[in-house]
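Notes follow once the structure below has been shown.
Read the figures in this text as sums done on the coordinates, not as results from a lab. These numbers come from a predicted model, not from an experiment. Cβ: placed from backbone, ideal geometry, glycine included. Neighbour counts: every protein chain shown.
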Amino acid sequence: MNICIMTDLEGISGIYCREQVIPGQWRFDEGRRYLTREVNICAEACKAAGVDKVYVRDGHGGGYTLLWDKLGEAVDAVSVGTTTDNIRYVEVDDCDAYILLGYHAMAGTHNGVLEHTMSSTSVQNYWLNDVRIGEVALDAAGLTDHGKPVIMVSGDSAVCAEAKQFLPRVITAEVKKGFGLFGATMLPPAQAEKCIRESVAKAIAAYRAGEYDLYPTEKPVRLRVEKMERIQIPNVASKPYMKIIDGRTYEVVADTVEEALFRL
């Protein structure tokens, strides 16, 4: 059994402010350390549960957040940077199931720590086949197209609740509870580590028992985005396949969620 850990940064334990998640900010290296630590913990827990190989996909921003030289021996391979072929799930053929580590709630979620959907500066909302979604549902649907389930999600209380809405049987690891966009009550490091390890063990056991959910989508896929400002709508000449809904909103149609995401 092989597992892929897809990472984001905002939901990692210890993260609560923008300076920890934006490259060039004075606390970004701190955020990178916290992420790498939690990836190592998650990978070790996977191996302790009998997983053969652990792949990691650095999914925050441009895929350059992990500290490569600090990854532990439990990680078998790590994928970083951007792809040239519009591929989001780079190791999907070799993996049986996915863990979404350090994810955050969708844009507009009350008291979601650093909540947003894909971009906090340009995107207001996403809809997948008329259902408003965040990044958890987007990746769950995209991975379902490949026949791969999301078996665990970690982050704050808001994203854990959101994950349960789309994947009722998913195992969640709540490492903090938000009381604002830039504030949270945190589990101390030792308790956060215990939460991650116990959740991984439960998720692997549930997968082996067949107790997990997929998130299938009706085809063709319609993916809609509402932008922050009117000037952010692309020129129709650059995206002839898009449909303009209003001054800030457009949608695309594709055969898969992954294809629709890159068309958007």
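At-a-glance table
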quantity	calculated
Rounded, prolate or oblate (a/c below 1.5 giving rounded, otherwise prolate when a/b exceeds b/c) for the range 211-264 by Cα gyration tensor	prolate
Tensor-based shape of the range 171-232 (alpha-carbon gyration tensor, a/c under 1.5 rounded, otherwise prolate or oblate)	oblate
Residue-count net charge about R208 - beta-carbon cut-off 14 Å; Lys, Arg +1, Asp, Glu -1	-1
Relative contact order (%) - the chain, alpha-carbon pairs under 8 angstrom, separation at least six	20 percent
q = 0.17, 0.20 Å⁻¹, the range 1-155: log10 I(q)/I(0) [Debye, one scatterer per Cα]	-1.01, -1.38
Inter-probe distance in nm under a simple model that places probes 7 Å from Cα toward Cβ, at V236 and D52	5.2 nm
Rg over Rh [alpha-carbon atoms, Kirkwood Rh] for the chain	0.95
DSSP bridge pairs, the chain: antiparallel proportion in percent, nearest 5	50 percent
Qualifying GluC sites (Glu not before Pro) in the range 10-105, DSSP loop, other Cβ atoms within 10 Å at most 12	E73
Listed residue pairs exceeding 22 Å between alpha carbons, taken from K53/K202; K47/K194; K148/K243; K53/K176; K148/K202	K148/K243; K53/K176
Sum of side-chain charges, A140 neighbourhood, beta-carbon under 13 Å (Lys, Arg +1; Asp, Glu -1)	-2
Relative contact order (percent, whole number), the range 91-212, Cα cutoff 8 Å, 6+ residue spacing	26 percent
Within the range 1-103, chymotrypsin sites (Phe, Trp or Tyr not before Pro) in DSSP loop having at most 13 other beta-carbon neighbours inside 10 Å	W26, Y64
Spatial separation of Cα centroids for the range 76-118 and the range 185-264, in angstrom	8 Å
Normalised contact order of the range 55-112, rounded percent, pairs of Cα under 8 Å and 6 or more residues apart	33 percent
